[in-house]
Amino acid sequence: MSTDTAPDAAPTGEPAGATSKGHDAAEQVVSEPRSEAAARAAAWAATARAAATGAGAPRRAQAASPTGAEATTEASSDTTSEASSTAEATPDARSDLAPDTTPGPSPEAAPAATPDPGVPDEAPGDLPPSTRPLTTALLNLSGLGLGYLHLRAWPRLVVALAATAGLAWVALPIGREPVAAWWAVGYAGALALFALDAALLARHRARRTAGSANRRRTTWSPRTAGRLAWATLAIVPLLGAGYAVAQHEVLEAHLAFDLERAEASLESTGTAFGPFRKTYDAAYATYLAVAADHPATRAADRVPGLIDDLYAQAKTDDPCTGLVVVRHFAEPGTPGPLQGVAESEIPGALHDCGLRSAEAGNFDMSRTYLTELLADHPASGPASAVPGDLAEWRDGVLKELSGAKRCTDTGAAAASAGFLAKFDSGKVSSLADEAREQVPAGLLKCGLQEFERERYATAVQALNGLVESYPRAKEADYAERVRIAAGIALVDPKAGVRLPARDEPEGTVTLTVYNYSPDPFEMVFTGPATGVVKIDACDDCEYLPEGEQPVCSGYSLTLPSTTITIPAGDYLTATRRDKTVLGWEDDGVDKVSFTADSGFCTWSYRY
């Protein structure tokens, strides 16, 4: 280094003799810049120590000499060592040079140090300690241990990667349920510990190597590490969001499968509910579980419609089946929305099933349901509609009496009258009055029609209903006579039984019948007149041995008897017991001619 470019050269105003000193003087002039370099090196060392505690300083600087020349100094470990050795110059040498090197007033102040844009970035090994803690902490938050990789802390890097691999092992493959929350919390805590550990490790290394030439190298340059730290900071949130989306789709697939399986099980049951009640309950439980456990899913949005379909399929179009379904889901303790819906539908279901049962002729079931409706839900709309609906149904039944199916329609009309009369409600029981007025005539027409067709059993059945259910009806007397004739014809269809006349001639022959039997006795007859002879049991009489006959002595105070007056003529006679016409023991139907007053006796054998 020449004295012309020395940064601390003597000013121009100095005497010329100062430049003509010997070789020793030249060496003293040259040593001055070295002393100044040593001072600068010491300043760099102080700056490095301050950086270890958080202060920062540029790595390069330019200083201007009094004459305007620039001197460049590199803050390398070798230069620092050289400057430190130079700073140990003897005091004597510095004192000898002081008079000659004391600078005079400078014509202009030295310019401030500015960075040189042309100088390239430093090597990774020269990374300022002040940038390491935050950078390494952010790098470790990536979940990949990049902070440890940057610091070349290999064992710690393995631990960080093992933590991430453990979480991946737990979370994969993705199932219908997400991993437990404590796994995510634990992993987040582990990342925070890794970040804190990396920051402390970087600070520790910075303090330990401050001012030392043996500084540990890093993987990336400070600028690269900083950019990488901020870029990788989004890895964990992005992976978490991606996992959440993928897991939600997997869950949707599983839930959709559950719903489809429940639907398929219902389709296999058809329209029957009773035998498949457990199948319906299982499907309903599946729907409720999907909606309750995963309400924020597309599958949960389908549940209300599926429940409506299940309920409609279970009820079908049969009101009585619907009543069974409604009662089932209305039971206390039934979960979900169907309990309230079904409970509110009970009155309507009772009404519909009651009317349908009445229309089908199942009057006992109909009366049971409608009575329950009127008793348990009297203020409901369906209960208020019962009288009007039953009146409409009754009118339809009575309208059919004029049709071709007299017996069928008449039987339905008669049954409807009896059905309505047994209700406790006055509004309903009063509906039977009009039916009673029309039913007897219909039953008589049915009996006559069947008699003429020689269907004597059907005729007896229709006429029994008239005589027994409507004994005060004006048709009851003639119906009884036709019933007797039909009963005799049943015993002997070839006996030539004719339909009794409505107006019989007056009786001219007296007939007395005596009963020698301990049992009551009934004799039916038909001919010019049709009727029945009824005699009480004989208390003093006994059963006779087979083949014996009593002595028919006529009138006796202890012998029951009955006397009737009938028109003279030929008659067919038979006995009757428990409303059933029976033949005589030997002859079946007995043909007798009554032309004069007479009498006969009856008795019973012991078998």
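Since every read-out is calculated from the coordinates, none of them should be taken as a lab result. From a predicted model like this one, the values you see are computed outputs, not experimental measurements. Neighbour counts are summed over all protein chains in view; Cβ atoms, including those assigned to glycine, are modelled from backbone coordinates with ideal geometry.
Tabulated data for the structure shown
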{"item": "Cα-based reach from Lys278 at 18 Å (exclusive), listing lysines while leaving out same-chain residues under 8 positions away", "result": "Lys315"}
{"item": "Simple label model, 7 Å out from Cα along Cβ direction - Phe600 to Arg207, nm", "result": "14.2"}
{"item": "Mean Cβ neighbour count within 10 Å, used as a protection proxy, ranking 230-237, 458-465, 476-483 highest first", "result": "458-465, 476-483, 230-237"}
{"item": "Rel. contact order, % - alpha carbon contacts under 8 angstrom, at least six apart, region 317-456", "result": "16"}
{"item": "Extreme residue, positive dipole direction of region 457-565, given options Asn515, Ala485, Cys541 (C-beta unit charges)", "result": "Ala485"}
{"item": "Partners for Lys474 among lysines (Cα-Cα distance below 30 Å; same-chain residues under 8 apart left out)", "result": "Lys399, Lys405, Lys422, Lys427, Lys445, Lys534, Lys579"}
{"item": "Fully extended contour minus Cα-Cα distance, from Asp389 to Arg261, at 0.36 nm per residue", "result": "41.8 nm"}
{"item": "Region 304-350: relative contact order in percent, alpha carbon pairs under 8 Å with at least 6 residues between", "result": "30"}
{"item": "Rel. contact order, % - alpha carbon contacts under 8 angstrom, at least six apart, region 377-448", "result": "31"}
{"item": "Sequence-distant lysines (8 or more away, or on other chains) whose Cα lies within less than 16 Å of Lys494", "result": "Lys591"}
{"item": "Inter-site label distance for Trp169 and Leu544 at 7 Å from Cα along Cβ, in nm", "result": "11.3"}
{"item": "Peptides 367-378, 412-423, 255-266 ordered by average Cβ neighbours within 10 Å, highest first", "result": "412-423, 367-378, 255-266"}
{"item": "Region 238-362: radius of gyration over Cα atoms, expressed as a fraction of 2.2 N^0.38 Å", "result": "1.30"}
{"item": "Around Gly527: net Lys/Arg minus Asp/Glu count, Cβ-Cβ under 13 Å", "result": "0"}
